[in-house]
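The values are calculated or read from the model by the stated rules, or taken from the named source; none is laboratory data. Small disclaimer: the values here were computed from a predicted structure and weren't measured. With ideal geometry, Cβ positions are generated from the backbone for all residues, glycine too; neighbour counts draw on all protein chains shown. What goes into the accessible areas is simple: the full protein's heavy atoms, side chains included, and nothing from ligands, DNA or RNA. Shrake-Rupley method; radii C 1.70, N 1.55, O 1.52, S 1.80 Å.
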Amino acid sequence: MGGRTRLDAALPYGAAALLLAVIALTALQQPDPEAGLVSATRLTARVGFVFFFVVFTSSVWFTWRATPLTRWLMRRRRHMGLSFALVHFAHLGVLSALFGVRGEVPDPVTLVGGGLAYLLLTLMVLTSNRFARLRLGRGWRALHLTGCWYIWLIFTNSYIGRLDPAAGAEPYGVFALLAALALAVPALRTWAWLRRRRQYRRWAAAEPAAS
């Protein structure tokens, strides 16, 4: 049973590693190193967003319907989050390499904005354990919610900016879908929060009658 549990927990990491391997092979097939790095940068960002979206909305799907899949997502949310961190740090690596190949330096807004996102992500990774959660108490939830919402803001701003035809984003449909998913997150989480609140009120109102 313990081996099966460990294998179950390892699935998100295996999926992230497999996707990174596919991205690396795709990048190596490009005609020159710079084109390969551009491809890897785009793909790691998109794969990272998918992991992030699943993590940040897992409670929504569980609130909507408790199924084996939604239960699994809730149970393995921490592992999915760490898998997102793995992909996103890989994105940072290839992005840094791309700037190096081009001999460019990111503008101050990108450095500060992106740097803060990675700082928060690092703190979330370091505190993604039971000991840190017990030690930090309510601060743990505040840190992780702040980090998730800030990372969401970075993704949303990036994808909405690419919806402008003048930005030359290709393919346009991919960015439209990613932007729609990003914009749906606040609505989905608000709906789930309201539904849990209503359920709790019904339970609280029924409890005295039951006793």
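Taking every C-alpha pair closer than 8 Å and separated by at least 6 residues, the mean separation divided by the residue count of the stretch 53-201 gives a relative contact order of 30 percent. For the stretch 1-79, the dipole from Cβ point charges (+1 on Lys and Arg, -1 on Asp and Glu) about the Cα centre works out to 620 debye, to the nearest 20. What a 1.4 Å probe finds exposed on the stretch 1-76 is 70% carbon and sulfur by accessible area, rounded to a whole percent.
Relative to the longest principal axis of the Cα atoms of the chain, the long axis of helix 138-161 makes an angle of roughly 40 degrees. With every protein chain in place and a 1.4 angstrom probe, the accessible-area ranking of V60, V101, largest first, reads V101, V60. Between I160 and L123, the modelled label-to-label distance comes to 2.4 nm, taking each label 7 Å out from Cα in the direction of the beta carbon. Net charge dipole, the stretch 76-172: roughly 900 debye, given to the nearest 20, about the Cα centre with Cβ charges of +1 for Lys and Arg and -1 for Asp and Glu.
If you take all other residues with their beta carbon under 15 Å from the beta carbon of A90, and give Lys and Arg +1 and Asp and Glu -1, the sum is +2. For the chain, modelled as a GNM whose springs connect Cα atoms under 10 angstrom apart, the maximal fluctuation among G36, G173, G81 occurs at G173. Shown in residue order for the stretch 39-47 are the 3J(HN,Hα) couplings computed by the Karplus curve 6.51 cos²θ - 1.76 cosθ + 1.60 at θ = phi - 60°: 4, 5, 4, 5, 5, 5, 5, 5, 5 Hz (x for Gly and Pro). Computed over protein heavy atoms with a 1.4 angstrom probe, the accessible surface ordering of W64, W140, W149, largest first, is W64, W149, W140. With viscosity set to 1.306 mPa s and temperature to 10 °C, compute the Stokes-Einstein D of the chain, Rh being the Kirkwood radius across alpha carbon pairs; µm²/s, no decimals. It comes out at roughly 83 µm²/s. Dipole magnitude for the chain: computed about the Cα centre from +1 point charges on Lys and Arg Cβ and -1 point charges on Asp and Glu Cβ, it is near 1680 debye. Ordered from longest to shortest, the equivalent ellipsoid semi-axes for the stretch 108-203 are 30, 22, 9 Å, each the square root of 5 times a Cα gyration tensor eigenvalue.
Across F99, F51, F62, the residue with the most accessible area heads the list, and the full order at a 1.4 Å probe is F62, F99, F51.
Take R65: with every protein chain present and a 1.4 Å probe, its accessible area is about 130 Å². Taking the charge dipole of the stretch 38-94 about its Cα centre, with +1 at Lys and Arg Cβ atoms and -1 at Asp and Glu Cβ atoms, the residue from S39, M80, L69 reaching farthest to the positive side is L69.
Taking label positions 7 Å along the Cα-Cβ direction at both V112 and A206, the computed distance is 5.2 nm, reported to one decimal.
Remark: the stretch 47-151 carries 57 Å² of accessible area per residue (probe radius 1.4 Å; ligands, DNA and RNA excluded).
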